[in-house]
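Notes to accompany the following structure.
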């Protein structure tokens, strides 16, 4: 097996891990695992929410016709799922069985940001929720931080009940609190909000009230962030693959994709299960879902 990483963060690639039904093709996918290490794939396919067990066996699917454009995902301590439906401009909260609990945004009505529709272009002005939202993070109280996203340049904070508290951010390339595709968001247990500012090649860090604290720039189009219980941060990059850093931003180890591919076919999303195994969505057909088992 292919071994990657270093020291206590050493992993082996589990070949042919996912066992989907015959003829099913997995699209670009977000990944989370629940309290029983079942794996949820919110993906761009005819079967938008797929559930597997930790051995990769198919368990269930749901969301057909409703979850039409997957991007990002979060799961809370009660195993509820938070799903940004990007091109429909809504964020939905479900039980893990597929029962809708909360809907935020107005479906198919994006906020007015003057965006051209190309992620290579910045938006003209920041606006309210939503214009192609990308990810969700929760704080200790259950308040939601939603990155928004491809067609906006903001992070929105909502109450657990779905009421907008405030927003921050502006379009730009270098300034504090400026975003160009805020693609992923993670809220640390100490309240700090980490935002993967993808097209600016950086992670920006904010206080719970949106005040800029610092930025880390040693990334190649960072897409998604996960922080484990030991305060170790895992970052996936579209022009890289997987980087593991301390909570202060110091690099521990990083590795490339298992096979070569064109530029921009690194990683798009990741999650860790209770055993420390890593699930990665690679931005390449045929390698959408990879599992790395922790061996050290």
Check your understanding: Does residue 33 satisfy being under 27 Å from residue 134 (Cβ atoms) and touching a residue at least 40 places away in the same chain (Cβ under 8 Å)?
Key -> yes
Review point. How many of the residues making up segment 222-235 are without any contact (Cβ under 8 Å) to a residue 60 or more places away in the chain and closer than 12 Å to residue 269 by Cα?
Key: 6
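The rows are residues; the columns are (1) buried (at least 22 other Cβ atoms within 10 Å of the Cβ); (2) farther than 19 Å from residue 145 by Cα.
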residue: 53; (1), (2): no, yes
residue: 61; (1), (2): no, yes
residue: 65; (1), (2): no, yes
residue: 69; (1), (2): no, yes
residue: 72; (1), (2): yes, no
residue: 86; (1), (2): yes, no
residue: 99; (1), (2): no, yes
residue: 115; (1), (2): yes, yes
residue: 130; (1), (2): yes, no
Review point. Can you pull out the strands (runs of 3 or more DSSP E) entirely within segment 59-157 that have at least 2 residues that are under 18 Å from residue 180 (Cβ atoms)?
Key: 133-138, 144-148
Check your understanding: For residue 73, are the conditions met, namely being farther than 24 Å from residue 245 by Cα and modelled with pLDDT of 95 or more?
Key -> no
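The values are calculated or read from the model by the stated rules, or taken from the named source; none is laboratory data. Just so you know, these numbers come straight off a predicted model, no measurement behind them. Heads up, the Cβs are rebuilt from the backbone with ideal geometry, glycines too, and the neighbour counts pull from every protein chain shown.
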